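Beneath this line is the structure, given in structure tokens, with notes to follow.
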Amino acid sequence: MAFYVTTPIYYVNAAPHLGHAYSTIGADILARHMRQRGEDVFFLTGTDEHGEPVAQAAEREGVTPRDLADRNAARFQDLMPRINASNDFFIRTSDPRHVARVQEVMQRVHDNGHVYKGLYEGWYCPRCADFKSEAEQGPDHTCLIHRIALTREEEENYFFQLSAFQERLEQLHETDFVQPSTRANEAKAFIGQWLQDISLTRGKITWGVTVPWDDSHVFYVWFDALLNYYTALSYARPGEDVTDTFWGAPTHHLIGKDILKFHTIYWPALLMAAGIDLPRQVFVHGFLLGHDNRKMSKSDGNVLDPFEVMEKFGTDALRFYLMRDVAFGEDGAVSMAAVERRYESELANDLGNLASRTISMIGRYRDGVVPDAEPEDFSVTQAFDEQMASFAIYDALETAWTLVRRLNRYVEEQAPWALAKDPDKAPELDRALATLAHNLREVADLLQPFMPAKMDVLLEALAKDRLEKIEPLFPKLATA
């Protein structure tokens, strides 16, 4: 069975930060889990390179938009192996293949009668690249997301007939198209305001995809960007178009809540207008918050630097922490102190110590050979798989950790060191050691999508005919 998962594509007006790592790691965990289960997976991420925010950032730096896009796209591409992302393709929206496909789809929208020319006037946020309704504005016409003053814009554009899809969108949002339910309610509230037609093109900027029926305009960046999930499949595998394979499969798209409107309202309406089947589901995660409980921002000085975390604790620890400390789908505060607490208590003590003790005791008492005894089965795989299938990543990780905690209790209950002193209790010792080895393999299998490097080491160690001592998976931190 095919499975398609994407991240949002990331703006190249600045370098990568923790929010980008968060979305990508979440998608990567799902992709790795589904591959483990035998699914044919395609995992897409990439960069959003057109539009006014990029053009303005380039102007401030005194470079061309293309130069800025090339430089920062490379930074995002470099981030992927650094966080151990297993993406199958990295799309850049300045790629001529994407541009051509966008023009093809948008020409279809135009030919289907969903485009007209008109005068647009409204309050505009250049950083969101979005016109804001009254409900989306703060005091004195400010952006609620970026907390900057909006500008009053007026220009002649082509419009997309969003209002024509009111009823179909209402029907769509009676399904589980948007998850979790709190985010679905936000999308329904937006539809409930009654949809207005929206600007499809811009005539005042040039850094974008040229409109095929009027080369004096470029497409509003969001329409260019939203189509990347569809366009990439036509050329991501050299010489092969895999659109039919993956677009028709369960397609799951992870996004942050600040771009909910575009992905849950504009995008499905655009696909409807083009006659393209809709994706299966959009999962909306929350914001990672700084110590002041506000969305992390370098300008606010409340950023947790992912590179600093990886330098001190390792990549797997960052991946684990981001999914462990905040329920995926909700907002949550993160900090370096919290990373350290999770690392020490759960990775080093709970899991690392369990792995070391298990392998050490099998080595000491059975010369490294796992006894051929019937183990007790504490399996949590069924519950874990059900939670992962519904994107309940936080819950699935907690389920896996119940097994880690159960095995640590089992060690204390069975006390293999005591059993080893009594030859008459050799069968009990065999069963205890076999139980630990059997269930520790399950732990490593469940956690492999979260911490692929460390769990590969553990799985390899447990697969040997004669177990050998391994270095601590999560070494204790040096104290000053």
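We did not get these values from a lab; they are worked out from the coordinates using the rules stated. Computed from a prediction, not measured in an experiment: that's the story for all the values here. When we count neighbours, we look across all protein chains shown, and the Cβ atoms used for this are built from the backbone with ideal geometry, even at glycine.
Each DSSP beta bridge with both residues in region 2-285 is either parallel or antiparallel, and the antiparallel ones are about 50%.
Once the Cβ-Cβ distance of Gln107 and Arg406 is raised to the sixth power relative to R0 = 51 Å, the FRET efficiency obtained is 0.30. Checking every one of the GluC sites (Glu not before Pro) in region 125-218 against DSSP loop status and a limit of 11 other Cβ atoms within 10 Å picks out Glu174. In a reduced charge model with +1 at each Lys and Arg Cβ and -1 at each Asp and Glu Cβ, the chain shows a dipole moment near 820 debye about its Cα centre.
Using the Cβ-Cβ distance between Glu374 and Arg37 with R0 = 30 Å, the FRET efficiency computed as 1/(1 + (r/R0)^6) comes to roughly 0.70.
Indicate the gyration tensor shape class of region 324-389 (rounded, prolate or oblate), computed on the Cα atoms with a ≥ b ≥ c the square roots of the eigenvalues: a/c under 1.5 is rounded; otherwise a/b larger than b/c is prolate and the rest oblate.
Taking the square roots of the gyration eigenvalues as a ≥ b ≥ c, region 324-389 is oblate.
For Tyr11, the amide hydrogen comes within under 5 Å of the amide hydrogens of Asp48, counting only partners 5 or more places away or on other chains and with H modelled in the peptide plane. Which log10 I(q)/I(0) values does the chain give at q = 0.09, 0.13 Å⁻¹ under the Debye formula, counting every alpha carbon as one identical point scatterer? The computed values of log10 I(q)/I(0) come out as -0.67, -1.20. Once you list every other residue whose beta carbon is under 14 Å from the beta carbon of Pro449, what net charge do they have if Lys and Arg are +1 and Asp and Glu are -1? Net of charged neighbours comes to -1.
Taking Cα atoms, how many degrees apart are the long axis of helix 426-447 and the longest axis of the chain, rounded to 10 and kept between 0 and 90? It works out to around 10 degrees.
Just to be sure I understand the model, the point goes 7 Å from the Cα along the line to the Cβ. What's the resulting Gln166 to Ser360 distance in nm? It works out to 7.0 nm between the two label points. Let me make sure I get this right: for region 30-124, a, b and c are the square roots of the gyration tensor eigenvalues over alpha carbons, sorted descending. Under 1.5 in a/c it's rounded, otherwise prolate if a/b > b/c, else oblate. Which is it? Oblate shape, in that a/c is at least 1.5 and b/c is the bigger or equal ratio. Label separation (Ser86 vs Asp385): 1.7 nm, computed from points 7 Å beyond Cα along the C-beta direction. Cross-link reach is defined here as a Cα-Cα straight distance under 20 Å, omitting same-chain residues fewer than 8 places apart; for Lys117 the aspartates and glutamates meeting it are Glu104, Asp130, Glu153, Glu154, Glu155, Glu156, Asp197, Asp214, Asp215, Asp224. Within the chain, antiparallel bridges make up roughly 50 percent of the DSSP beta bridges whose residues both belong there. Over the Cα atoms of region 159-308, each weighted equally, I'd like the Debye log10 I(q)/I(0) at q = 0.13, 0.21 Å⁻¹, rounded to two decimals. Treating every Cα as an identical point scatterer, log10 I(q)/I(0) equals -0.75, -1.29. In terms of distances greater than 26 angstrom between alpha carbons, the cross-link table entries Lys257/Lys454; Lys132/Lys188; Lys261/Lys312 yield Lys257/Lys454; Lys261/Lys312. Across the chain, the longest run free of exposed loop sites, meaning chymotrypsin sites (Phe, Trp or Tyr not before Pro) lying outside DSSP classes H, G, I, E and B with no more than 16 other Cβ atoms within 10 Å, spans 1-193. For a quick check of your reading of the filter: which trypsin sites (Lys or Arg not before Pro) in region 9-49 sit in a DSSP loop and have no more than 16 other Cβ atoms within 10 Å? Sites meeting the loop and neighbour criteria: Arg37. Of the GluC sites (Glu not before Pro) found in region 380-480, those that fall in a DSSP loop while having at most 14 other beta-carbon atoms within 10 Å are Glu468. For region 315-341, the residues whose backbone nitrogen is under 18 Å from a point 7 Å from the Cα of Ala189, taken along Cα to Cβ, are 329-332. Under the shape rule built on the C-alpha gyration tensor, where the axes satisfy a ≥ b ≥ c, region 335-462 is prolate, since a/c reaches at least 1.5 and a/b is greater than b/c.
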